[in-house]
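*Asks:* I'd like to ask some things about the structure below.
The values are calculated or read from the model by the stated rules, or taken from the named source; none is laboratory data. Values in this document were obtained by computation on a predicted structure and should not be read as measured data. Cβ: placed from backbone, ideal geometry, glycine included. Neighbour counts: every protein chain shown.
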Amino acid sequence: TDAILADLADVFEDEIGNLQTLFDTQTSIFGRQVEALATADAAADQPFLYVGPVDALTRDWCLDRVGKVYTRDVIEAMDNGQLANPFITAGGYSCRHSFIAVDSPELRALTNTGERAPEFRLDVARVEAAKALRRQRRAA
């Protein structure tokens, strides 16, 4: 990875941090493209769960969606504010999240409801509270 980034920096004369972001983004997109290909023939009502880490690095866009279940048409109509087609790009640059196909009755019942899967609720609530506290401190 370091050698590839160094070569890219020479070619593009850009900062290594920017190139690292592009490299990480493309690597994540590749994995999501595999999921897209694997589910290309799925039924229109196929549910996809938004999964990934819930921590201090999680963007608000991702935090709003992690643990929620959507159909592909709803996902593709989303706007992450950075890159087109969130089914492939998720939350944008350096995003660590993905939409994965699911088939359990419990998750199917949550499809396009805005409700979060139970195993995500507590972690998201903690991160949202921490982010709100940081915003309050910055405003003060």
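*Asks:* Just to confirm my filter: which strands (runs of 3 or more DSSP E) fall fully inside segment 39-140 and include at least 1 residues that are in contact (Cβ under 8 Å) with a residue 60 or more places away in the chain and surrounded by fewer than 12 Cβ atoms within 10 Å (Cβ to Cβ)?
*Replies:* Per the criteria, no element qualifies.
*Asks:* Go through 102, 127 for me and flag whichever is touching a strand residue (DSSP E or B) at 6+ places or on another chain (Cβ under 8 Å) and farther than 13 Å from residue 32 by Cα.
*Replies:* 102
*Asks:* Filter segment 86-124 down to the residues that are within 18 Å of residue 63 (Cβ to Cβ) and among the β-branched types (Val, Ile, Thr), then identify the one that is farthest from the chain's Cα centre (by Cα).
*Replies:* In this case the residue turns out to be 113.
*Asks:* Take residue 76 and tell me if it is farther than 30 Å from residue 1 by Cβ, among the acidic types (Asp, Glu) and touching a Lys or Arg at 6+ places or on another chain (Cβ under 8 Å). Don't jump to the end; show me each part of the working.
*Replies:* Details: farther than 30 Å from residue 1 by Cβ: yes; among the acidic types (Asp, Glu): yes; touching a Lys or Arg at 6+ places or on another chain (Cβ under 8 Å): no.
Considered against the rule, which asks whether it is farther than 30 Å from residue 1 by Cβ, among the acidic types (Asp, Glu) and touching a Lys or Arg at 6+ places or on another chain (Cβ under 8 Å), residue 76 comes out as no.
*Asks:* Select from segment 108-127 the residues that are within 16 Å of residue 52 (Cβ to Cβ) and either modelled with pLDDT of 90 or more or among the basic types (Lys, Arg) (or both) and list them in ascending order.
*Replies:* Those that are within 16 Å of residue 52 (Cβ to Cβ) and either modelled with pLDDT of 90 or more or among the basic types (Lys, Arg) (or both): 116, 117, 119, 120, 121, 126.
*Asks:* Let me ask something additional. Among the residues of segment 104-134, how many are more than 18 Å from residue 47 (Cβ to Cβ) and small (Gly, Ala, Ser)?
*Replies:* 4
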